[in-house]
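Worksheet: one structure, shown below.
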Number of protein chains: 2
Amino acid sequence: MSLLVIGTVAFDAIETPFGKTDKIVGGAATYASLAASYFYNKTKIIAVVGDDFPQEDIESFNEHHIDTEGLQVKKGENSFFWSGKYHNDMNSRDTLVTELNVLADFDPIIPESYQDCEYLMLGNLTPQIQQTVIKRLKNRPKLIVMDTMNFWMDIAMDDLLQTIKMVDVLTINDAEARQLSGEYSLVKAARKILTLGPKYLIIKKGEHGALLFHENHIFSAPALPLAEVFDPTGAGDTFAGGFIGYMAKVGTINFNNMKNAIIFGSALASFCVEKFGTEKLKNLTPQEVNERVQQFVELSSFEI
Amino acid sequence: MSLLVIGTVAFDAIETPFGKTDKIVGGAATYASLAASYFYNKTKIIAVVGDDFPQEDIESFNEHHIDTEGLQVKKGENSFFWSGKYHNDMNSRDTLVTELNVLADFDPIIPESYQDCEYLMLGNLTPQIQQTVIKRLKNRPKLIVMDTMNFWMDIAMDDLLQTIKMVDVLTINDAEARQLSGEYSLVKAARKILTLGPKYLIIKKGEHGALLFHENHIFSAPALPLAEVFDPTGAGDTFAGGFIGYMAKVGTINFNNMKNAIIFGSALASFCVEKFGTEKLKNLTPQEVNERVQQFVELSSFEI
């Protein structure tokens, strides 16, 4: 029984109104697996890095009980590198550099010890690679969650639709839901997207929270209003990782558990943005996480 | 004991992607008083119209138990007229026509029978007129709620700040909160605005719901995700009217009651946008309102 996270493990160089970093460790699988590890201690990653990736950062995964057997290290090659600069509103950013490096011909090899996968998190990657992972698993996982982005809608829509058809939960943001469906109303967008395969759709709205759609049910989760968003990088991946980690912990797939999973994912994402990169996410105590979740309860509860 | 609503009673001509209207009855006081009337049957309006305003529309207020003694009818003059066209996303609009007419020299006269006012809703108007109403009441109401807009921040900031200082609850949208405070973060914006006088601040976020700020407490209310927004005109006024109407009904001013008032106000606003103008708002049953409120409960409740 394990939770498998596939995605990028990479270097980021980030500039925000609050400062800038040199190359620091980032990537969808990094954020998602760290987040999941707070709820589930059988988390395993599939990703690829170059031999420029420090051994101590690989060990840092292991300290969080994240299995790195599926993390390929390519000799003589460099890790995926992204550099971006956030605008003052923190809601938009410019990509300054994208160097695919090892990612260009990433073949996601699944170690035999990973074949006990029950929960699969497909972090943002080419839909083709995401699909390959599903196909290489001998048994279909109990829950497949897929994150993606507008970029794949622009350049690989057919692949994307094929992969979406194979998953249980799709997580995208509001603009992407509109692009994917051609509908402005998120209710209409969700109705269309739920005909494409997934039984659950999560629409992430950043500072406005998230919506979960399933059949005719909708759950609206708040975002924690924050005085300062220091660095939004990885918030969506952290949310998704926290979400599937919580689902793996509770083990029963239903709407009510997913509501809670969204709150736990949102709580972790609210920590993620408080410091650069994974800094905050690497050093949380269970008590801090629970207190943050309690803030979400207070924020949104009312009694009529 | 009464709830006093001041604002415009006017004609609107509205164009949306779904159609267009001739001149129909609108105005902040119209929407707010209709909304309040669902919760409180001692609602009274102060406003001004020309003698082009149909008697049957005045009677329509009375049918909702809204007192119109304070509705001045100016002989030989025309009512305030606004015409606007909504863009496809329904979140932005162009003003096509604004004819102030009777509003140009509106002097808000308060009938003696209105001096029992306990709840005062200052609908969007010049801050100077809003302030005059407060000063002309012999006793300071138990609760003063003020709505305003960016226009007054642009042209009458000093008057606006003077009036804001006199009220208990300010309702503005997120862009206006940012403009008023000079802060992008809504948490920081709220902290600043709460030093200007009001003890409570409601930030309206349209399809993303609303935030209530009071001391160090924050409540995040969801908006009901709608498949179709037919006409957003008056939604903010309806929200504010429903909010203060509910507060008048329960009678005790505290954070928990305000949370519920926001849900009831949001429920009425969600009806308002389903048809042109006040059409939907004029013919609701208490059962419909309660069922809609129940939808808000289901939408946002979770149990951790």
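When peptides B:102-109, B:218-225 are sorted by average Cβ neighbour count within 10 Å, with the highest value leading, the order is B:218-225, B:102-109. For the residue pairs B:K23/B:K74; B:K138/B:K192; B:K23/B:K135; A:K23/A:K74, the C-alpha atoms sit more than 22 angstrom apart in B:K138/B:K192; B:K23/B:K135.
Counts of other chain beta carbons within 10 angstrom of each beta carbon in peptide B:255-261 average 2. For the peptides B:208-215, A:141-148, the ranking by packing is A:141-148, B:208-215, with the highest mean count of neighbouring Cβ atoms within 10 Å listed first. Under a cut-off of 17 Å between alpha-carbon atoms, report the aspartates and glutamates in cross-link reach of A:K275, not counting same-chain residues fewer than 8 places apart. List returned: A:D12, A:E15, A:D22, A:D89, A:E207, A:E228, A:D231, A:D237, A:E288.
Principal axis analysis of the Cα atoms in region A:2-300 yields extents of 51, 45, 37 Å, listed in decreasing size. Magnitude of the Cβ-charge dipole of chain A, K/R +1 and D/E -1, about the Cα centre, nearest 20 debye? Approximately 1040 debye in magnitude. What separates the Cα centres of region B:191-209 and region B:87-158 is a distance of 17 Å. For a label point 7 angstrom out from the Cα of B:E59 toward its Cβ, which stretches of region B:267-304 have the backbone nitrogen within less than 19 Å? In region B:267-304, the label zone of B:E59 (backbone N under 19 Å from the point 7 Å along Cα→Cβ) covers B:279, B:282-283.
Among the trypsin sites (Lys or Arg not before Pro) found in region B:13-84, those both in a DSSP coil and sparsely packed, with 13 or fewer other Cβ atoms within 10 Å of their Cβ, are B:K75. Between copies, the label points of B:L137, set 7 Å from Cα on the Cα→Cβ line, lie 6.1 nm apart, reported in increasing order to one decimal in nanometres.
Qualifying chymotrypsin sites (Phe, Trp or Tyr not before Pro) in region A:1-50, where qualification requires a DSSP coil assignment and no more than 14 other C-beta atoms within 10 Å, comprise A:F18.
Quick note on the protein assembly as shown: its Rg to Rh ratio, both from C-alpha atoms and Rh being the Kirkwood radius, is 1.04.
We did not get these values from a lab; they are worked out from the coordinates using the rules stated. Note that the structure is a prediction, hence the values are computed from the model and not measured. Cβ sites come from the backbone with ideal geometry, for glycine too, and all protein chains shown count toward neighbours.
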